[in-house]
Amino acid sequence: MLNQQVLEGSWKELRGMLREKWGQLNNDELDAAAGNVERLIGLVQRKTGESRESIDQFLEDASSQCLNTWHRTEQAFRDYTNATMAGASEFSQEAAK
């Protein structure tokens, strides 16, 4: 089952994935369900006729994809920060000579 925190943290990306998969969902409906897994599943079931299991699986897969993207972005930011700090340290040492 999709974790409530994951849903809230990745909402914008998940919302786009939901609209891509089920185009009959509109933004207002999705916004009304934002942050509430049960409401979101109910909305998708009503609008699409999909089974709960199918929706759960889609949300699990989509949220995993969002988390993986977030973790890769976080690691890239750390790498960039570390490289910047190393460069600043070298510059500082050269300037002190």
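The values are calculated or read from the model by the stated rules, or taken from the named source; none is laboratory data. Owing to the predicted nature of the structure, the values given are computational and were not obtained by experimental measurement. Accessible surface areas use protein heavy atoms only, side chains included; no ligands, DNA or RNA. Shrake-Rupley method; radii C 1.70, N 1.55, O 1.52, S 1.80 Å.
So if each residue of separation counts as 0.36 nm, and I subtract the Cα-Cα distance between Ser64 and Asp28, what length gain in nm does that give? Don't skip to the end; give the middle numbers.
Details: separation 36, 0.36 × 36 = 12.96 nm, distance 2.45 nm.
That works out to 10.5 nm of additional length.
Among the protein heavy atoms, those of Leu43 account for about 10 Å² of accessible surface (1.4 Å probe, every chain in place).
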